[in-house]
1. For the range 106-123, indicate whether the set of residues that are basic (Lys, Arg) and out of contact with any Asp or Glu (no Cβ under 8 Å at 6 or more places or on another chain) is non-empty.
2. Being acidic (Asp, Glu), open to solvent by 20 Å² or more (accessible area, probe 1.4 Å), in contact with a Leu (Cβ under 8 Å, 6 or more places away or on another chain) and not in a helix (DSSP H, G or I) is the requirement here; does GLU154 meet it?
3. Out of the residues in the range 70-83 that are under 13 Å from ALA129 (Cβ atoms) and without any contact (Cβ under 8 Å) to a residue 60 or more places away in the chain, state the one that is most open to solvent (accessible area, probe 1.4 Å).
4. Limited to the range 84-104, what total is found for residues that are surrounded by 14 or more Cβ atoms within 10 Å (Cβ to Cβ) and either closer than 12 Å to ARG8 by Cβ or among the hydrophobic types (A, V, I, L, M, F, W, C) (or both)?
5. Only one of PHE95, PHE63, PHE108 is under 22 Å from LEU128 (Cβ atoms), without any contact (Cβ under 8 Å) to a residue 60 or more places away in the chain and assigned to a loop (DSSP other than H, G, I, E, B). Can you tell me which?
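The values are calculated or read from the model by the stated rules, or taken from the named source; none is laboratory data. Predicted model, so just to flag it, every value in this text is computed and none were measured. Cβ coordinates were reconstructed from backbone atoms using ideal geometry, including for glycine residues, and neighbour counts include every protein chain displayed. Side chains are part of the model used for accessible areas, which takes the heavy atoms of the whole protein and leaves out ligands, DNA and RNA. Shrake-Rupley method; radii C 1.70, N 1.55, O 1.52, S 1.80 Å.
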Amino acid sequence: MKILETERLMLRHVTNDDAEFVLDLLNQPSFKKFIGDRGVRTIEQAREYIKTRFTRSYQDNGFGLYLVELKQGSVPTGLCGFVKRAELADPDVGFALLPQYEKAGYAFESAAAVMQYGKETLHFTRVLAITTLDNESSGRLLGKIGLVFEREIEMGDEVLRLFSSELLEN
């Protein structure tokens, strides 16, 4: 299901047909370092991850992380969207790209579009984001889409940076 499109990208629901892509993305060294090792090592585990994480979020929350693909050729490049975590009061925006698609503006393009979607379609009034302490590039991108560093927080056994954005009324 298509969610939105930008000049170069389309964002849509992640489906079982995306299992190979999800497996690849979740096992990238940068994903494991900055987001975490999800323990997904097989196509079957990727399908289960899609079902329990992506599909369940779409059903339970009405939003989730979306597959970001190039409009030209329908090439999957990454994920971008919102996560609702029990530990956080508001949805948080997240993004991850395969390394070969980094530094081409796709993360900014998709994250800016998702923020607009969150405001205009999902009617969010506040959006959060979390990063590891050493993820400077994500912190810079969050600033570009209107989030500001709020404070450090503990989640699980990790200290993270919390960013927030108050979205203006429509």
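1. yes
2. Here the answer is yes, as GLU154 does meet what is asked.
3. VAL83
4. 7
5. After applying the criteria, what remains is PHE63.
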